[in-house]
Amino acid sequence: MTDDVKPDETPDWEKRFRAPRVSLPQWAHEAPARSLFVSNATGTFELYAWDRDSGKQRQATDRPNGTAHGTLTPDGAWIWWFADTDGDEFGVWQRQPFGGGPDEPAVPGLDPGYSAGLALGRDGTVVVGRMTEEVGTTIHVARPDAPEGAEPVEIYQHRQSGGVGDLSHDGTLLAIEHTEHGDAMHSAIRVVRLDGTRVAELDDTEGGTRELGLTVLGFAPVDGDPRLLIGHQRRGRWEPAIWNPLTGEFTEPELDLPGDVDAQWYPDASALLVEHSHQARSELWAYDLARAAKRRVDTPAGTISGATARPDGSTEYLWSSAAEPPRIRSTSGVTVLEPPGMRPPASLPVTDAWVEGPGGTVHALIQRPATGEAPYPTVFDIHGGPTWHDSDSFAAGPAAWLDHGFAVVRVNYRGSTGYGREWTDALRHRVGLIELEDIAAVREWCVAEGLADPERLVLTGGSWGGYLTLLGLGTQPEAWTVGVAAVPVADYVTAYHDEMEALKAMDRTLLGGTPEEQPERWATSSPITYVDDVRAPVYISAGVNDPRCPIQQIENYVERLAARGATHEVYRYDAGHGSLVVEERIKQVAQEIRYAREHLPAARG
């Protein structure tokens with residue numbers, strides 16, 4: 001090394017955030033060489049166009065707070081992206097030519113709203129779903145042959161949450177997911193013509209008595225084939241099936257796989273690409289419809305965070321593990337898309353813990369730091385959702401805590417996906433308290449096993465994980481040494497009145513009604529109810545434009561902390577539900593770790 005070259009002193013945990021990343025590219029079905037992906041190569045997550053034939057890539061969007069939602073028209077001629085204001089998720093669709101050019105309103109005449117799905121037809125037909133506080137869910141159709149200046153035609157409206165599922169390949173049928181029965185956790189499916197005329201209905205809720213959900217996975221991607229691939233929960237977990245809305249025929253692939261199963265069509269509709277998720281890992285299978293036979297697609301152990309079957313017969317997928325950074329691979333043996341610049345440093349593997357809890361066996365993922373000795377200062381990093389789950393996949397946040405000498409424990413509490421429908425639905429009515437019972441069982445196990453130091457325990461999480469953090473600090477005040485909550489629900493009633501419409505519907509389902517209809521349940525599940533019992537120092541970060549966990553309800557909670565002189569710190573930033581700006585995210589993680597270290601006692605000698 002020469003004297004004028006300085007070694008890179010950037011810590012590994014920051015490199016994991018700064019290293020360029022790319023999403024799994026989506027491709028235009030009528031022009032497979034045209035792709036769209038998301039990358040943080042400039043330091044902010046934006047959309048990029050990629051012409052695979054020429055190899056040319058270009059940045060398609062450039063906004064201060066980033067852009068993460070976009071798609072291609074079937075012919076690949078246009079890039080569509082959703083334009084909100086500083087992360088508030090309320091906006092309209094814009095479009096620009098694939099090769100570059102000015103942005104323009106994609107659907108003139110359609111007012112802003114929260115996105116509720118989008119479907120683009122091969123003939124230029126557009127179907128847009130939106131939600132607003134005034135009317136709930138609406139779905140609009142814009143035809144390419146409509147008179148100039150004609151506004152999109154509204155073909156669906158309902159107060160309950162719903163949205164666009166998919167448009168058939170020939171553009172004659174539209175699948176809609178809806179919750180008109182009032183259960184926002186379990187959708188029904190309706191297929192209509194583009195004038196709104198009903199064709200068929202598939203509803204497993206039976207008036208809300210069975211609590212079984214359906215989801216649209218996509219119409220068969222060939223002309224003259226009306227079959228719709230759906231997901232259902234009839235056997236207590238997510239599985240695919242094929243439904244013909246014109247004949248009523250319903251067939252299920254013979255997969256015989258434990259855990260949740262997702263699927264998508266191969267481009268010629270001859271087979272299904274199956275993504276199988278079980279016990280925090282995932283794998284791929286190909287299912288031949290004519291032969292009713294499956295074969296495993298060779299992928300490494302870890303987590304598949306997206307996959308797509310290409311017209312040449314190959315499969316592209318985004319893979320990672322807790323220890324190994326993500327790569328976009330192909331079954332053809334090549335790396336599909338390599339981010340520019342440095343690779344993120346590796347992290348540490350996870351081990352599995354199975355802990356008996358009050359509602360059944362709880363699965364937790366545990367990482368031990370490379371330095372120090374047990375019992376470790378331990379971070380319980382609680383996932384959001386709540387209908388989500390932590391997996392054996394690469395994550396820069398937990399890796400940062402590990403690099404600072406903390407053990408990291410992630411709990412797939414009741415409410416998490418991947419462990420069956422009953423596990424996911426178990427939190428209803430005792431929202432928050434159910435999850436915290438499972439977290440407490442894992443915490444006690446970690447202390448008993450000698451992994452976690454009971455005097456140096458950090459409870460943290462973002463979104464729903466932030467909510468559980470604040471609720472846990474109030475309902476289990478002696479259990480936690482420090483709390484770090486990002487974009488949390490803090491005052492549940494105020495949050496309900498200020499949040500986006502789809503989340504209002506979800507909260508009514510979770511708690512059995514509005515705050516006025518079920519005041520005791522809402523109070524029991526709200527962190528602000530227990531704010532005076534909080535003993536641990538609290539750090540809170542919040543986006544001032546957040547439509548999911550709005551800022552005012554956090555301010556209400558903070559005012560209560562301040563009034564009693566509780567130790568706390570608040571960081572407010574100009575974005576929505578999190579940030580797409582890399583340096584902002586690094587700043588937030590640095591402050592979280594700094595706060596925890598400042599308020600943890602030294603290890604006992």
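The values are calculated or read from the model by the stated rules, or taken from the named source; none is laboratory data. Remember, it's a predicted structure, so these values are computed and weren't measured experimentally. All Cβ positions, even for glycine, are placed from backbone atoms using ideal geometry, and neighbour counts span all protein chains on display. Side chains included, ligands, DNA and RNA excluded: accessible areas come from the protein's heavy atoms. Shrake-Rupley method; radii C 1.70, N 1.55, O 1.52, S 1.80 Å.
Residues of the range 432-468 with backbone nitrogen within less than 12 Å of a virtual label 7 Å along the Cα-to-Cβ line of Asp533, please, listed as ranges.
433
Ordering Glu9, Glu283 by accessible area with a probe of 1.4 Å, largest first, what comes out? Could you put the intermediate results ahead of the total?
Details: Glu9 160, Glu283 40 Å².
These residues rank, largest area first, as Glu9, Glu283.
Considering the options Ile176, Met500, Pro454, tell which one lies farthest towards the positive end of the dipole of the chain, charges being +1 on Lys and Arg and -1 on Asp and Glu at the Cβ, about the Cα centre.
The residue sitting most towards the positive pole is Pro454.
Once the Cβ-Cβ distance between Glu133 and Ser332 is put in as r, and R0 is 56 Å, what FRET efficiency do you end up with, to the nearest 0.05? Write out the running numbers ahead of the final one.
Values: r = 48 Å, r/R0 = 0.86.
So, using R0 = 56 Å, E works out to roughly 0.70.
With θ taken as phi - 60° and the coefficients 6.51, -1.76 and 1.60, list the Karplus ³J(HN,Hα) couplings across the range 289-303 in order, rounded to whole Hz; mark glycine and proline as x.
With coefficients 6.51, -1.76 and 1.60, one gets 5, 5, 8, 6, 9, 10, 9, 7, 8, 5, 9, x, 5, x, 10 Hz.
Counting alpha carbon pairs within less than 8 Å and at least 6 residues apart, what relative contact order, in whole percent, applies to the chain?
After rounding, I find 10 percent.
May I ask for the percentage of alpha-carbon pairs in the range 541-605 that lie more than 14 Å from each other?
Beyond 14 Å sits 65 percent of the P(r) for the range 541-605.
Please give the solvent-accessible surface of Lys504 in Å², to the nearest 10, using a probe radius of 1.4 Å with every protein chain present.
20
Relative contact order of the range 215-341: what whole-number percent is it, with Cα pairs under 8 angstrom and at least 6 residues apart?
In percent, rounded to a whole number, it is 13.
Please compute the alpha carbon radius of gyration of the range 257-398, then divide it by the globular-protein estimate 2.2 N^0.38 Å. Two decimals is fine.
In units of the globular-protein estimate, the range 257-398 measures up at 1.22.
In the range 250-322, which trypsin sites (Lys or Arg not before Pro) are in a loop and have at most 16 other Cβ atoms within 10 Å, using DSSP for the loop call?
Arg291
Using a cut-off of 14 Å between beta-carbons, work out the net charge of the residues near Ala292 (Lys and Arg +1, Asp and Glu -1, Ala292 not included).
Values: positive: Arg291, Lys294, Arg295; negative: Glu252, Glu254, Asp256, Asp288.
Neighbourhood net charge equals -1.
Any chance you could get the radius of gyration and Dmax over the Cα atoms of the chain, in Å?
In Å, with Rg to one decimal and Dmax whole: 24.2, 80.
With a bin width of 10 angstrom, please list the P(r) values of the range 35-189 as percents of all Cα-Cα pairs, from the 0 bin to the one holding the largest distance.
10, 37, 35, 16, 2, 0
Got the relative contact order for the range 315-362 handy, in percent, Cα pairs under 8 Å and 6 or more residues apart?
30
Would you kindly calculate the mean projected area, averaged across all directions, of the convex hull enclosing the Cα atoms of the range 371-411, in square nanometres?
Numbers: hull surface 12.5 nm².
For the range 371-411, averaging the hull's shadow over all directions gives 3.1 nm².
Pick out, in residue order, every one of the GluC sites (Glu not before Pro) in the range 193-266 that is DSSP loop and has at most 14 other C-beta atoms within 10 Å; say none if there are none.
Glu206, Glu249, Glu254
Apply 1/(1 + (r/R0)^6) to the Cβ-Cβ distance of Arg122 and Val570, taking R0 = 60 Å, and write down the FRET efficiency to the nearest 0.05.
The formula returns an efficiency of 0.75 here.
Could you let me know the centre-to-centre spacing of the range 399-413 and the range 454-498, using Cα atoms, in angstrom?
The range 399-413 and the range 454-498 have Cα centres separated by 17 Å.
So if we plug the beta-carbon distance of Ala292 and His497 into 1/(1 + (r/R0)^6) with R0 = 51 Å, what FRET efficiency do we get, rounded to 0.05?
Once the sixth-power term is evaluated, E becomes 0.50.
In terms of modelled amide H atoms, which long-range or inter-chain residues lie less than 5 Å from the amide H of Asp260?
For Asp260, whose amide H was placed from the backbone, the distant partners under 5 Å are Ser277.
Pull out the extension gain between Thr197 and Glu517, defined as 0.36 nm times the separation in residues minus the alpha carbon to alpha carbon distance; nm, one decimal. Mind dumping the intermediate values first?
Details: separation 320, 0.36 × 320 = 115.20 nm, distance 3.49 nm.
Roughly 111.7 nm would be gained on extension.
For Glu254 and Ala301 in one chain, what is 0.36 nm times their gap in residues minus the Cα-Cα distance, to one decimal in nm?
Extra length from Glu254 to Ala301 when fully extended: 14.6 nm.
Quick one: which residues, 5 or more positions from Gly117 or on another chain, have an amide H under 5 Å from its amide H? H modelled 1.01 Å from N in the peptide plane, none for Pro or chain starts.
For Gly117, whose amide H was placed from the backbone, the distant partners under 5 Å are Gly129, Val164.
Would you mind pulling out the separation of the Cα centroids of the range 330-356 and the range 110-141, in Å?
Each part's Cα centre sits 36 Å from the other's.
Put +1 on the Cβ of each Lys and Arg and -1 on the Cβ of each Asp and Glu in the range 6-112; which of Gly109, Pro97, Trp81 then has its Cα farthest toward the positive end of the dipole?
Going by the charge dipole, the pick is Pro97.
Would you calculate the separation in nanometres between label points at Asp268 and Thr361, each defined as 7 Å from the Cα along the Cα-to-beta-carbon direction?
With each label placed 7 Å out from Cα toward Cβ, I get 4.3 nm.
On the protein heavy atoms, probe 1.4 angstrom, tell me the percent of accessible surface of the chain carried by carbon and sulfur.
Working: 11480 of 24410 Å².
Of all accessible area on the chain, carbon and sulfur atoms account for 47 percent.
For the range 65-124, with equal point scatterers placed on the C-alpha atoms only and solvent neglected, what are the log10 I(q)/I(0) values from the Debye formula at q = 0.28 1/Å, to two decimals?
-1.36
Run down the aspartates and glutamates and flag those whose C-alpha is under 20 Å from the C-alpha of Lys294, throwing out any fewer than 8 positions away in its chain.
Within the straight-line limit of under 20 Å, Lys294 reaches these aspartates and glutamates: Glu239, Glu252, Glu254, Asp256, Asp260, Asp262, Asp268, Glu275, Glu283, Asp312, Glu316.
List every residue whose amide H lies under 5 Å from the amide H of Tyr571, counting only residues 5 or more places away in sequence or on a different chain, with H placed 1.01 Å from N in the peptide plane.
So Tyr571 has HN proximity to Ile540, Ser541, Ala542.
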